[in-house]
1. Do you know which of the residues in the stretch 52-82 that are among the aliphatic types (A, V, I, L, M) and touching a Ser or Thr at 6+ places or on another chain (Cβ under 9 Å) is surrounded by the fewest Cβ atoms within 10 Å (Cβ to Cβ)?
2. Just to be sure I understand the filter: pairs with C-beta atoms under 7 Å, separated by 6 or more residues or on different chains, first member in the stretch 114-137 and on the phi > 0 side of the Ramachandran plot, second member assigned to a strand (DSSP E or B). Which pairs pass?
3. For the stretch 69-131, which fully contained strands (runs of 3 or more DSSP E) count at least 3 residues that are modelled with pLDDT under 95 and under 29 Å from Ala30 (Cα atoms)?
4. Tell me which residues, restricted to the stretch 1-49, are touching a residue at least 24 places away in the same chain (Cβ under 8 Å), in a loop (DSSP other than H, G, I, E, B) and among the hydroxyl-bearing types (Ser, Thr, Tyr).
Amino acid sequence: MTKEQVIVDIKVPNQTRYLSLIGSIGEDIACILDAFTGDREFLAYQLNLALTEASTNAMEHANSSDPEKFVRVCIRTTDDYIKAEVYDQGQGFDINSLPLPGVDALSDRGRGLLLIRAYMDSVSYQRTSTGNVLRMIKHLK
């Protein structure tokens with residue numbers, strides 16, 4: 001039976017100055033997981049990167065850098081997994097229609113989704129009644 005350990009639910013203004021806060025929350029969660037026996041430092045890095053990249057995409061692309069909008073981040077943990085959700089207020093897109101580019105073809109931008117997919121075990125994006133949500137799951141066992 002999986003027991004839920006932590007629930008974090010924050011809403012931040014659509015400003016990139018909040019990205020380090022969001023990433024730090026992911027790192028802190030990696031450090032407090034009781035049942036996790038793997039490399040905490042690497043897990044902290046993965047969570048920070050995935051949450052920061054997803055939040056950056058939500059702020060800059062989905063919310064079009066609109067200061068009137070916000071980004072919501074919800075993280076839930078159990079002994080078996082971490083589920084992170086990043087909500088935006090944009091138009092959305094079909095995540096499955098985006099091809100995975102080769103690393104050679106990437107400039108300084110455009111690597112976020114590639115990295116998220118590489119570090120998380122499951123990634124999905126769907127429309128909600130108030131916008132969209134990027135769901136990321138990282139298995140701990």
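The values are calculated or read from the model by the stated rules, or taken from the named source; none is laboratory data. Keep in mind the model is a prediction, meaning the values are calculated, not measured. Because the Cβ atoms are built from the backbone with ideal geometry, glycine has one as well, and the counts that use them run over all protein chains shown.
1. If we filter the stretch 52-82 for residues that are among the aliphatic types (A, V, I, L, M), which is where we start, we get 54, 58-59, 62, 71, 73, 75, 82.
So of that shortlist, the ones also touching a Ser or Thr at 6+ places or on another chain (Cβ under 9 Å) come out as 59, 71, 73.
On the way: Met59: 26, Val71: 26, Val73: 23.
Checking each candidate, the answer is Val73.
2. Gly131/Tyr87; Gly131/Asp88
3. Result: 122-128.
4. Selection gives Thr2 alone.
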